[in-house]
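Student: What follows is a structure written as structure tokens; I'll ask about it next.
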Amino acid sequence: MLVDSVPEQRAEPAPAPPARRVVRAVGLLVSVGVLAAVAVASIAVGAKELSVAQVWHGLFASSGTYGDVVVDERLARTLLGLLAGAALGLAGAVLQALTRNPLADPGLLGINAGASAAVVTALTFFGVTSLKGYVWFAFLGAAAVGALVWFLGGSRGATPVRLALAGTAISAALYGYLQAVMITNGAALAKMRFWTVGSLSSATDTTIEQVLPFLVAGAVLALALARPLNAMEMGDDTARSLGAHLNRTRALSMLAATVLCGAATAACGPIVFVGLMVPHVVRSFTGPDLRWILPYAAVLSPVLLLGSDVIGRVVARPSEVQVGIITALIGGPVFIFLVRRRRTAQL
């Protein structure tokens, strides 16, 4: 029987009871409120504490005082954290659905490695030293690796296992290249040391303007893929019977994840565990429906990223610990816990 002759069906899990939908909606609103509070803390807390009045004045009645300048700087940092966090969360949720692996993250397909390799190449061989210059190298590197993974994974015949294996192999090769270049080039090592940690401290309005179109486009595409990805999580045969286009969905999912993760990595450097932890934790209370996982991940991932950034500014005053280090310190134990819980559940 031809697939085209199958009547169109709903390509998503059965509708949740009304009470559960209400709980999910209320939870999402509460999450938005938590994000707003963390965003305010990101503007107010740092090497210099600012009062709520100073934050308000700096946002809406700037007159050039020291506090206003600090608010301006932190506002760009906070906005970039919001955008990058949402991008990493969405990318992680899409990749976990694409690979059918709840412990997958954007690094699984080599996207972070591609961006990092492109930046070290720009710094070492092309003399690019400014963020404005190498942000485009990072994005192009991520895009190139995403396309290569798709090709090596079988393109139209790609499967979750093939994509994961191709991404792992490419990541290993690119990280070997990174280490070789940085070991043999002291200048590249000094320049890359800060970027590879992952940081929001170099955020500027220009950086946000450069990556914003890509982040918005990637977010819209990721949210639009919720229903076909729901179908694919039930298996290829079931997805086909529901009218899902497997190759198209996989290609668009790769594109969305590459654009989102590539743009975020280009602006902030490779920040680990955000795209892994948040979608996985969200799934534990929303269920497998990506129509809820994706919005929750887009809201709660910036909470983790901005919260980690605030912690990094407080624990080492008047200096700061980069956000990539804080997310790794938080993410390592959480990842071990998630793996152990998953293993216990399977026994």
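The values are calculated or read from the model by the stated rules, or taken from the named source; none is laboratory data. This is a predicted model, so every value here is computed, not measured. Using ideal geometry, Cβ is built from the backbone for each residue, glycine included, and neighbour counts are taken over all protein chains shown. Just the protein is used for accessible areas: all its heavy atoms, side chains included, with ligands, DNA and RNA removed. Shrake-Rupley method; radii C 1.70, N 1.55, O 1.52, S 1.80 Å.
Student: With the requirement that a residue be open to solvent by less than 60 Å² (accessible area, probe 1.4 Å), at pLDDT 80 or above and part of a helix (DSSP H, G or I), what does region 41-79 give you?
Tutor: Across region 41-79, the qualifying residues are 41, 42, 43, 44, 74, 75, 76, 77, 78.
Student: Of everything in region 197-240, what is surrounded by fewer than 17 Cβ atoms within 10 Å (Cβ to Cβ), of a type in the set (S, T, N, Q) and part of a helix (DSSP H, G or I)? Give them in sequence order.
Tutor: Once the filter is applied, which keeps residues that are surrounded by fewer than 17 Cβ atoms within 10 Å (Cβ to Cβ), of a type in the set (S, T, N, Q) and part of a helix (DSSP H, G or I), region 197-240 yields 206, 238.
Student: Then there's this: Can we say residue 222 is under 16 Å from the mean Cα position of the chain (by Cα) and either closer than 30 Å to residue 178 by Cβ or at pLDDT below 90 (or both)?
Tutor: So residue 222 passes the test.
Student: Looking at 275, 262, 269 in this structure, which one is surrounded by 24 or more Cβ atoms within 10 Å (Cβ to Cβ), modelled with pLDDT of 90 or more and under 19 Å from residue 114 (Cβ atoms)?
Tutor: Details: 262 fails: modelled with pLDDT of 90 or more; 269 fails: modelled with pLDDT of 90 or more.
275 is the lone residue from the list that is surrounded by 24 or more Cβ atoms within 10 Å (Cβ to Cβ), modelled with pLDDT of 90 or more and under 19 Å from residue 114 (Cβ atoms).
Student: Does region 80-116 hold any residues that are at pLDDT 85 or above, of a type in the set (Gly, Ala, Ser) and open to solvent by 10 Å² or more (accessible area, probe 1.4 Å), and which are they?
Tutor: 86
Student: Go through 231, 264 for me and flag whichever is more than 23 Å from residue 107 (Cβ to Cβ), of a type in the set (A, V, I, L, M) and either in contact with a Cys (Cβ under 6 Å, 6 or more places away or on another chain) or in contact (Cβ under 8 Å) with a residue 40 or more places away in the chain (or both).
Tutor: That would be 231, the only listed residue that is more than 23 Å from residue 107 (Cβ to Cβ), of a type in the set (A, V, I, L, M) and either in contact with a Cys (Cβ under 6 Å, 6 or more places away or on another chain) or in contact (Cβ under 8 Å) with a residue 40 or more places away in the chain (or both).
Student: Looking only at region 241-254, how many residues end up being in a helix (DSSP H, G or I) and buried (at least 20 other Cβ atoms within 10 Å of the Cβ)?
Tutor: Step one: filter region 241-254 for residues in a helix (DSSP H, G or I), giving 241, 246-254.
Of the ones still in play, those that are also buried (at least 20 other Cβ atoms within 10 Å of the Cβ) are 249-250, 253-254.
So the answer is 4.
Student: A follow-up question, please. Given the structure, is residue 295 part of a loop (DSSP other than H, G, I, E, B) and more than 27 Å from residue 130 (Cα to Cα)?
Tutor: Working: part of a loop (DSSP other than H, G, I, E, B): no; more than 27 Å from residue 130 (Cα to Cα): yes.
So residue 295 fails the test.
Student: Listed residues 278, 303, 282; which is in a helix (DSSP H, G or I) and either over 25 Å from residue 142 (Cα atoms) or out of contact with any Leu (no Cβ under 6 Å at 6 or more places or on another chain) (or both)?
Tutor: Matching residue, one of 278, 303, 282: 282.
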